[in-house]
1. Can you name the helices (runs of 4 or more DSSP H) wholly within region 198-254 that have at least 1 residues being hydroxyl-bearing (Ser, Thr, Tyr)?
2. Given the residues 155, 167, which is the only one that is away from ligand 3 (no atom under 16 Å from the Cβ) and surrounded by 15 or more Cβ atoms within 10 Å (Cβ to Cβ)?
3. Which pairs do you get when a residue that is touching a residue at least 40 places away in the same chain (Cβ under 8 Å), found in region 237-261, comes within reach of a residue that is part of a helix (DSSP H, G or I) and away from ligand 4 (no atom under 16 Å from the Cβ), reach meaning Cβ atoms under 7 angstrom, with the pair 6+ apart or on two chains?
4. Specify the residue that is modelled with the lowest pLDDT; the eligible residues are those in region 107-154 that are small (Gly, Ala, Ser) and closer than 20 Å to residue 42 by Cα.
5. Looking only at helices (runs of 4 or more DSSP H) that fall completely inside region 96-191, which ones have 3 or more residues that are within 16 Å of ligand 4 (Cβ to nearest atom)?
6. For residue 197, state whether it is more than 23 Å from residue 92 (Cβ to Cβ) and crowded, with 19+ Cβ neighbours inside 10 Å.
7. What's the number of the only condition in (1) more than 16 Å from ligand 1 (Cβ to nearest atom); (2) small (Gly, Ala, Ser); (3) under 25 Å from residue 112 (Cβ atoms) that residue 173 fails to meet?
Amino acid sequence: YVAKEQGGTYHYFTRMLMEQNIERSNLLNALYVAIERDELDVEYQPKVDYRQNKIVGVEALLRWNHPEWGNIAPDRFIPIAEETGMILKLGDWILKQAATQQKLWQDNGFTITMAVNFSMRQIQHPRLVETVQSILEETGMDPSNLEIELTEHTLIQSKHVAKLYDLKNLGLSLSLDDFGTGYCSLRYIKDFPIDTIKIDRSFVENMTHEPHIMALNSTIIYLAKQLNYDVIAEGVETKEQIDHLMDGGCHLMQGYFFSKPVSSNELFVLLKNGLTK
Ligand code: C2E
Ligand code: MG
Ligand code: MG
Ligand code: MG
């Protein structure tokens, strides 16, 4: 009986591992050709200044629609792309798309910031600054409208603070994504040229039920302001959350309450018509 059970367990784990491997290499192979096969897309999620109920920027988010497997979430394929270095190609691709799009909206009379997520590999790449600069030149996007989003983890691992300053010298700004989920203290972050702190969704999600999370949020907002950072809250879904954030002094927000990530055409409509409410 014991032997049988052990055998079963063994087979179970082998099968799990194999499935994971096949899955992984399949995903990777498919990802290699996804750009050429036109399977990738970009969605844009508004960033809102609640004081004016106005869209002040957007975040570009990568989308992969595979012909057989359907939509594959970034949380599934970005880590694989990151490990294998594929992210460099994807990163250049989305930056070019996003910059072209921003320039188009700009030319249509809508000046909004464009945020693009950068992964560790991109930040560590020796030609990071040149790459970003050449895409900005090629697309004609004004660098002051570009925002690069980094996580605390990427920030810690990027080591070369000087390179981040070089990047910023292009005229763009840097924002710290998912703030509060990593191990950075604001004291430590102060050494990096960060402009904006994005309070992680998990804090926003729980703040209306848990008084200590609410206190934590207010403290992050307060400290960030003292240190001269802008603060934006991500994952805002309810009016209750908005009220708490406004009370705490945070008026920049992003989340399903305002809009999900949408296509460039849908975003253009939102820009023209304004947010409803
Ligand atoms: P992120 O940069 O923190 O992006 C926010 C994620 O939260 C997005 O998921 C967005 O769709 C989702 N979100 C926004 N508002 C709400 C809300 O109110 N409620 C809930 N439940 N979710 C909300 P998405 O698009 O699946 O992206 C997940 C992560 O994948 C991103 O997290 C980012 O880390 C990564 N990612 C996406 N696109 C790129 C990219 O082009 N390059 C890199 N390096 N990473 C990317
Ligand atoms: Mg982000
Ligand atoms: Mg985030
Ligand atoms: Mg996140």
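The values are calculated or read from the model by the stated rules, or taken from the named source; none is laboratory data. Quick caveat, the model's predicted, so the values are computed rather than measured. As a convention, Cβ positions derive from the backbone with ideal geometry for all residues, glycine included, and neighbour counts pool all protein chains shown.
1. On the way: elements: 201-206, 211-226, 239-248.
Result: 201-206, 211-226.
2. Values: 155 fails: away from ligand 3 (no atom under 16 Å from the Cβ).
Result of the check over 155, 167: 167.
3. 250/221; 253/242; 253/245; 259/270
4. Of the residues in region 107-154, the ones small (Gly, Ala, Ser) are 109, 115, 119, 134, 140, 144.
Within this subset, residues satisfying the condition of being closer than 20 Å to residue 42 by Cα are 115, 119, 140.
Numbers: 115: 99, 119: 95, 140: 98.
Here the answer is 119.
5. Details: elements: 120-124, 128-139, 152-158, 161-168, 186-189.
Once the helices (runs of 4 or more DSSP H) in region 96-191 are filtered for at least 3 residues that are within 16 Å of ligand 4 (Cβ to nearest atom), what remains is 152-158.
6. Details: more than 23 Å from residue 92 (Cβ to Cβ): yes; crowded, with 19+ Cβ neighbours inside 10 Å: yes.
Taking the combined requirement at face value, the residue satisfies it.
7. In the conditions (1) more than 16 Å from ligand 1 (Cβ to nearest atom); (2) small (Gly, Ala, Ser); (3) under 25 Å from residue 112 (Cβ atoms), residue 173 misses (1) alone.
Listed here are the residues, each with its yes/no results for (1) closer than 20 Å to residue 29 by Cα; (2) touching a residue at least 12 places away in the same chain (Cβ under 8 Å).
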| residue | (1), (2) |
| --- | --- |
| 66 | yes, yes |
| 73 | yes, no |
| 84 | yes, yes |
| 91 | yes, yes |
| 96 | no, yes |
| 117 | no, yes |
| 128 | no, yes |
| 145 | no, yes |
